[in-house]
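Right, one structure below, let's go through it.
Nothing in this text is a laboratory measurement; each read-out follows from the coordinates by a stated rule. Note that this is a predicted model, so its numbers are computed, not measured. Note that each Cβ is placed from the backbone with ideal geometry, even for glycine, and that neighbours are counted across all protein chains shown.
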Amino acid sequence: MDNKPQIVGRSIPRVDGVAKVTGAAKFAIDLSVPGMVFGAVVRSERAHAEIIDIDTRSAEQSPGVVRIITGRDLDNVVPYFGHIVLDHPILAIERTLYYGEPIALVIARSQQAATHAASQVEVEYRELPYVTDALEALKDDAPILHPQRGEVVRDLGFDAGEEGGSGNICSLASLDWGNVDSGFAAADLVIEGEFRYPMLYGYAMEPYNALAVSGEDGLTVYTTTQHPYMVRKDLARILSLPFAKVRVVVPYVGGGYGTKSYSKIEPLAAVAAQLTGLPVKVVLGVEESIHTTRSDSAIVRARSGYTAQGLLVARAFEIVLNSGAYTDNSPQVGQKAVNTCFGPYRTPALSVRMRSVFTNTVPASSLRGFGTPQGTFAGELQMDEAAERLGIDPVELRKRNLVGPGEEVIPGKRALEANLPEDLELLSKSVDWPDPGEGRASGLGLSASDSGAYPSSTALVRIHADGSASALVGATEMGQGSRTVLAQIAAQELALPMELVTIVSSDTGIGPFEQTTGASRTTTVVGRSLQAACQDARRQLRALAAEVHEVAVESVQDAPGGVLVDGTWRSFAEVIQGWFGAGGEVIGTGAIRRSGDFAETPVFWEIGAAGVIVSVDRDTGEVSVEKLATIGDVGFAINPAMVHGQDAGAALMGLGAALHEELVYEGEMLTNPNLVDYRVPRFEDLPREMDQMLVERQDGVGPYGSKGAGEGGGNAIGAAIASAIARLLGVRPRELPLTSERVWRLLQDGRIPREADDDLS
Amino acid sequence: MSARKISFVLNRRPQETEIDDSVLLLDFLRDRGLTGAKPSCEMEVCGSCTILIDGLPFSACTTLAVEVEGRTVETIEGVARNGELHPIQEAFVERFAMQCGFCTPGMVLTAKALLESNPDPSRDDILHWMEGNICRCTGYESIVEAILSAAAKAGTGDG
Ligand code: FES
Ligand code: FES
């Protein structure tokens, strides 16, 4: 009997649905252990300064205080963390590099006592010149943030350019082919422009928090992270512990979107637990979370050359990222911006240069699509501009240039699986192209991003003596639905009902290794390692059945929930109990590494395809999104409703960045580090109509031809909105977010801000 | 700081307790293991800490525990009865109206209060009523659908 798809491909209710609607689902923030104490962080009130003195005397006398930790207490640990460069101090050491940086941790018997005492810690600074703007930071006379560079510790498998080395350059990346100069010289039209993508706060609703417990078995940390194994690596290094003595446990995660990739507050909680010998819980507020991680803002200078027929001849991009005070993940964000800015178009000659720049601002890291929305905004708007100037329909111009299925997007990388011309056709139909003269206009954007991260994954499946199964994975459930999708895959492979399958995830003390939960990889990569584990378990079960029934293994076949021995069905339970005599279990293992189907990178090309219809209130500049269309080009939807959920969520998050969201620095500090001033989308921002299309061509390397989702919906939406507004107003925006104020100004000026001297040559 | 004795009803059970004047209702509930109400913005913007007081949604992050004296408080833990989901909870599960689930307790309670005061809300009524609850995951559409479907099911009796 073979495994005809029946559990996969169906919108089976989420396995965590009931726990989540009843309040039973526990998040890290909900956990407590007996005897636990609480940490409150003292934060820098300067953007750049030497720390002359930290006076903790009066705070120490405050009721309930257990201990106060500063950078001076980190002598016996490795005081830095970072997965690419070891430059992020657990607490500022001698110098502070941004306003809001952790300087001390006050540990007390209650949260109130800790918070109260933290306000009594006095820090004496000697101010240094600071720089918060990336272009300023590149100037010769700019203050240098890192005169000495941190040690490079990057994992193999990080596709992340090279370290910068000099000045304030955090990292560099480039991509080149063809002869750009002769390309531009031969072009009939060359357009230029400078595009700005804002600094964003991901606002995962569960703020950063961690509970660290140090005991005879080593360290256990319960935390709201996406990548428990990356956190384990940081903590093991900091405390000089073997991996086996560091257990990172991730319960339900209240939103990730990339913002909970890599270590955040875990190192501080871990060191505090080690130094006090007590369980320490550190919970940050939203304002503190904003001062922990934000996304890289980008300035993209773009130049594109076309023939009169609208064919691309050459493109050149210069990308500058404002990456904040420490390296974190900006090198990967920059590399991804480089790989995606020119879009999935045949580009005969290309030159891309990226500089990620240190500034005295909150450290930047991943956020949904990391790098792709920034680059795509520039690249797609130029496709639109070219279409208009050449008098070619924008969909037609894109079609003439799109990379077809099976063609390379980047030489030497995996060829594109998707059929973008078909996707574009669907999207174009959905947005309907109303006449801008009547007050509504459409816009769309496309992107293909190199997703899946590094393919390194392991999975275990335990078939218990009663025939039920537990699958152990290192993938984190952060809302995307991995537990449900993986349970569907295991149930499908073992042909068991969903009720008999449980997923155990993200516990480095129990479960198997997973590189990350990011870059939309889980269904594709973990799905395949779990499939392999199920097949391994099946193989073992056939062998056991053959032994028990004394037949050749060839006469045993797989069957739903069991095996067929010479045509007779025997349940998993019967086989296992028969072989062991009593109890027992079968453990299947699966592993994915960079070979076979996964030899080529990227693991898959994640398609971003979004279109909108907008209208604008000409008195206020307020933009209304009347329709939002997305395409989930996912190969095969293991759970279609959850793919829609990913696309809708990513699209609305992208809409927030397009219309409202931006962290703003004024002087040395943020002007809007809270949810009143930093406005995220709410119910009333929901577009009047949503059209979520699903495209299934079974062209991915994931199980049943699937490939990832989750970021695509948001990658292209900034470009789609700006394109629609340009069509509607006759002025071309080049900066997000398109707040009412900005749109109103565009209307008043009646011209494109930062207009470059571009002309038909 | 001074303590006060208060009596109120919590998830259908009368309570009498001594409580400090300055303790927030959110901390009071969470310290008793009722962790369904979640802290997030802590400034009455996001709705993740929503509880119902006398049937109406409030932010527990900006309510003092002593303010519930003599009133009826319902948290997410009190919505399902004897293991039976409330229709609005069922609709959330059926319509995939949650992802990470962090906002979900607040969403369910606010939606429950809506349907109790307006059993047949329009789409715009829903958008307006739910405006104080943020969800960063779902994009809202599935939540709107869940509320509409719960209302439709409840309304099938009177056509
Ligand atoms: S935490 Fe109370 S409204 Fe946000
Ligand atoms: S489900 Fe994650 S915030 Fe709403």
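A few remarks follow.
- Shown here is the pair-distance distribution of the range A:80-126: with all Cα-Cα distances grouped in 5 Å bins from zero up to the longest one, the shares run 5, 18, 23, 20, 16, 12, 6, 1 percent.
- Report note on the peptides A:436-448, A:170-182, A:516-528: ranked by the mean count of other C-beta atoms within 10 Å, highest first, their order is A:516-528, A:436-448, A:170-182.
- Dimensions of chain A from C-alpha coordinates, computed as largest minus smallest value along each principal axis and given longest first, are 83, 70, 46 Å.
- Inverse mean reciprocal Cα-Cα distance (Kirkwood Rh) of the range A:463-565, Å: 14.4 Å
- Peptide A:279-288 shows a mean partner chain C-beta count of 2 within 10 Å per residue C-beta.
- Peptide packing for A:731-743, A:556-568, A:78-90 was compared via the average number of neighbouring C-beta atoms within 10 Å per residue; ordered from the highest value, the list is A:78-90, A:731-743, A:556-568.
- Considering only the protein assembly as shown, percent of DSSP beta bridges that pair antiparallel, nearest 5: 80 percent
- Residue-averaged beta-carbon neighbours from other chains (10 angstrom radius) around A:199-211: 3
- Taking the empirical scaling 2.2 N^0.38 Å for compact globular proteins as reference, the range A:225-374 has a Cα radius of gyration ratio of 1.34.
- Once the convex hull of all Cα atoms in the range B:87-153 is built, its volume per residue stands at 70 Å³.
- Among the trypsin sites (Lys or Arg not before Pro) found in the range A:1-109, those both in a DSSP coil and sparsely packed, with 16 or fewer other Cβ atoms within 10 Å of their Cβ, are A:Arg10, A:Lys26, A:Arg109.
- Backbone HN-Hα couplings from phi across the range A:485-499 [Karplus 6.51/-1.76/1.60, Hz, Gly and Pro as x]: 5, 5, 5, 4, 5, 5, 4, 5, 5, 8, 6, 10, x, 3, 5
- Per residue of the protein assembly as shown, the DSSP helices (runs of n ≥ 4 H) give a summed -39500 (n - 2.57) that works out to -8000 deg cm²/dmol at 222 nm.
- Modelled FRET efficiency - R0 51 Å, A:Ala591 with A:Asn76, Cβ distances, 0.05 increments: 0.90
- For the segment A:674-682, counting C-beta atoms of other chains within 10 Å of every residue's C-beta and taking the mean gives 4.
- Using the Cβ-Cβ distance between A:Arg57 and B:Asp21 with R0 set to 45 Å, the FRET efficiency works out to roughly 0.90.
- Surface/4 of the Cα convex hull for chain B, nm²: 9.6 nm²
- Taking the DSSP bridge list for the range B:3-78 and keeping only pairs wholly inside it, about 90 percent are antiparallel.
- Highest average first, the peptides A:196-209, A:613-626 ordered by how many other beta carbon atoms sit within 10 Å of their residues are A:196-209, A:613-626.
- Value of Rg to Rh for the range B:3-78, rounded to two decimals, is 0.92; Kirkwood radius and Rg both from alpha-carbon coordinates.
- Per residue, the average separation of C-alpha pairs within less than 8 Å and at least 6 apart gives chain A a relative contact order of 15 percent.
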